[in-house]
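Take a look at the structure below.
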Amino acid sequence: MRRRTVLAGLPLALAGWPRAARAQAQAHVGALWPFAEGDPEGRVLAEAFHAGLRDHGQPDQRVDDRWTGADRERARLLATELVAAQPQVIFAYLSAQLTAVASLTKQIPIVFVGASNPVRFGYVESLQRPGGNITGFTLYEAPLGGKWVAALKEAVPSLRRVTLLSNLSTEIRGENLYAEPFRTTATALGIEPVVVKIDEAAAIEPIVADLARQGDGGLIVAPGTFSEANGDQIVALTTSLRVPAVFAIRRFAYRGGLMSYGPDPVETVHRAAAYVGRILRGENPATLPVQAPTKFDFIVNLKAARSMGVTISSALLAQADEIVE
């Protein structure tokens, strides 16, 4: 829900920040989301962001939500429009949205959620002191690549080969962020690790079908804009072809995926709204440290396990934060 602002004309008290152009415009916050407009998950996260603003001292703050879907060109177009509208702060959810907007402005403060390894990507100078106009919250870190493999192996001891789906939003200089711990852990567990780069939905089915034909393969669906947009298709394919899979994005375990291991994005988006509120009240993003998730949840879908013929051990179930039955 968009809310009209009563903050028009409020000075942006960031020393050294250009303010003249924005002072003439209606005060507002811009937000870039990697979902189609009306997408249920997108609406849940947007409402968490709006609620976070209300909870952190901005009850009437107008938010200009822009919906990019998984289309990178559309993300660039909407980012350009958003910057031209001169919001006081821009919120960007996931790496593709941050990338689209970060190259367009060094003046407007940007708060992100979901950009992994922002130092290596060059978004910030350091996690403790970002040093520029960008700060925010990570969702996933590289060591998760190993944890996903370990969870899949414990669920399916007969596993011999695991494919990690890679896409542009999870790569740094052509290498998947999670690839090294993924390969190291897989090799230690006697599993053949395979990293497959994918950016088109049409390429998903052949990969899952190949794993199904081998009969001893599993799939890891790393996070990112591509996974957000195509997760339901991957759930349907892995379930129907009986390919065990672990998802980084938790909602796909609720929707029929075998397992997920990752943070709660709703909680992180709510925390990010607190940063936006602090910047609106005059704090400098250069001094607000980039924060990591405070908790990761392991979710097991027993209904999906039964349909795939996978028997989840009591030891693994004991480790689950949630069990979907």
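What follows draws every value from the coordinates through simple rules; no lab data is involved. The shown structure was predicted, so the numbers you read here are calculated from the model rather than taken from an experiment. Glycine also receives a Cβ, built like all others from the backbone with ideal geometry; neighbour counts cover every protein chain displayed.
Work out from phi, with θ = phi - 60° and the Karplus expression 6.51 cos²θ - 1.76 cosθ + 1.60, the ³J(HN,Hα) of each residue of region 254-263, listed in order in whole Hz, and give x for Gly and Pro.
Calculated HN-Hα couplings, in order: 5, 8, x, x, 5, 8, 9, 9, x, x Hz.
Provide the percentage of antiparallel DSSP beta bridges, counting only those with both residues in the chain; round to the nearest 5. Working shown, then result.
Working: 6 of 43 bridges.
Antiparallel: roughly 15 percent of the beta bridges in the chain.
Under the 0.36 nm per residue contour assumption, what length would be gained going from the current alpha-carbon distance of Ala85 and Ala236 to full extension? The partial results should precede the final answer.
On the way: separation 151, 0.36 × 151 = 54.36 nm, distance 4.01 nm.
Difference between extended and current length: 50.4 nm.
Give the residue list of GluC sites (Glu not before Pro) in region 171-215 that are DSSP loop and have at most 10 other beta-carbon atoms within 10 angstrom. List each step's numbers first, then the result.
Details: sites: Glu171, Glu175, Glu200; in loops: Glu200.
For GluC sites (Glu not before Pro) across region 171-215 that sit outside H, G, I, E and B with at most 10 neighbouring Cβ atoms in 10 Å, the list reads Glu200.
Would you mind putting 125-132, 294-301, 223-230, 318-325 in packing order, based on average other-beta-carbon counts within 10 Å, highest first? List each step's numbers first, then the result.
Values: 125-132: 14.6, 294-301: 18.4, 223-230: 24.2, 318-325: 13.1.
Averaged packing, sorted descending, gives the order 223-230, 294-301, 125-132, 318-325.
Just subtract the alpha-carbon distance of Glu154 and Arg129 from 0.36 nm times their residue separation and send over the number in nm, one decimal. Write out the running numbers ahead of the final one.
Numbers: separation 25, 0.36 × 25 = 9.00 nm, distance 3.93 nm.
So the chain would gain 5.1 nm between Glu154 and Arg129.
Per the Debye formula with a single identical scatterer at each Cα and no solvent contribution, what log10 I(q)/I(0) holds for region 25-66 at q = 0.14, 0.19, 0.25, 0.28 Å⁻¹?
Summing over Cα pairs of region 25-66 leads to -0.32, -0.57, -0.88, -1.01.
How many angstrom lie between the Cα centre of region 114-129 and the Cα centre of region 196-235?
Value for the Cα centre distance between the two parts: 28 Å.
What whole number of Å gives the distance from the Cα centroid of region 46-71 to the Cα centroid of region 255-325?
Their Cα centres are 20 Å away from one another.
Report, in deg cm²/dmol and to the nearest 500, the calculated mean residue ellipticity at 222 nm for the chain, where each DSSP H run with n ≥ 4 adds -39500 (n - 2.57) and the sum is divided by the residue count. It would help to have the intermediate numbers written out before the result.
Working: 13 runs with 127 residues, N = 325.
That comes out to -11500 deg cm²/dmol.
Stick to Cα atoms and the Kirkwood definition of Rh, then tell me Rg/Rh for region 187-324. Spell out each step's value before the answer.
Working: Rg = 18.0 Å, Rh = 16.9 Å.
Result for region 187-324 is an Rg/Rh of 1.06.
Region 124-233: percent of C-alpha pairs farther apart than 22 Å?
Values: 2244 of 5995 pairs.
It works out to 37 percent of all Cα pairs.
Pairing the Cα long axis of helix 40-55 with the longest principal axis of the chain, what angle in degrees results, from 0 to 90 and rounded to the nearest 10?
40 degrees
Give the calculated FRET efficiency between Lys303 and Asn117 to the nearest 0.05, with a Förster radius of 35 Å applied to their Cβ-Cβ distance. Mind dumping the intermediate values first?
Values: r = 35 Å, r/R0 = 1.00.
My answer for the efficiency is 0.50.
Under a straight-distance cross-link criterion of Cα-Cα below 15 Å, which aspartates and glutamates are reachable from Lys106, leaving out those fewer than 8 residues away in the same chain?
Glu125
Could the peptides 154-161, 307-314, 68-75 be put in order, highest first, of the mean number of other beta-carbon atoms found within 10 Å of their residues? Write down the numbers at each step before the final one.
Details: 154-161: 16.1, 307-314: 13.5, 68-75: 18.5.
Put in order of decreasing packing, that is 68-75, 154-161, 307-314.
Any chance you could give the angle, 0 to 90 degrees and rounded to 10, that helix 225-240 forms with the longest Cα principal axis of the chain?
Rounded to the nearest ten degrees, it is 20.
Report the extension gain between Glu73 and Glu175 in nm, rounded to one decimal, defined as 0.36 nm multiplied by the number of residues separating them, less their alpha carbon distance. Don't skip to the answer; put the middle values down first.
On the way: separation 102, 0.36 × 102 = 36.72 nm, distance 2.21 nm.
Extending this stretch completely gives an extra 34.5 nm.
Mind checking which lysines have their Cα closer than 29 Å to the Cα of Lys147? Skip sequence neighbours fewer than 8 apart in that chain.
Leaving aside lysines fewer than 8 places away in the same chain, those within reach of Lys147 are Lys197, Lys295, Lys303.
Order the peptides 234-243, 40-49 from the highest to the lowest mean number of other Cβ atoms within 10 Å of their residues. Walk me through the intermediate numbers first.
Values: 234-243: 19.7, 40-49: 17.9.
Packing order, densest peptide first, comes out as 234-243, 40-49.
With a Förster radius of 35 Å, plug the Cβ-Cβ distance of Asp216 and Val44 into 1/(1 + (r/R0)^6) and report the FRET value to the nearest 0.05.
Details: r = 37 Å, r/R0 = 1.05.
With R0 = 35 Å, the Cβ-Cβ based efficiency is 0.45.
Evaluate E = 1/(1 + (r/R0)^6) for Ala36 and Val196, where r is the Cβ-Cβ distance and R0 equals 22 Å; express this FRET efficiency to the nearest 0.05. Could the numbers behind the result be given before it?
Working: r = 25 Å, r/R0 = 1.15.
The computed FRET efficiency comes out at 0.30.
If you average 1/r over every pair of different alpha-carbon atoms in region 77-143 and take one over that average, what Kirkwood value in Å do you get? Kindly include the intermediate steps, with their values, before the conclusion.
Numbers: mean 1/r = 0.0836 Å⁻¹.
Evaluated on region 77-143, it is 12.0 Å.
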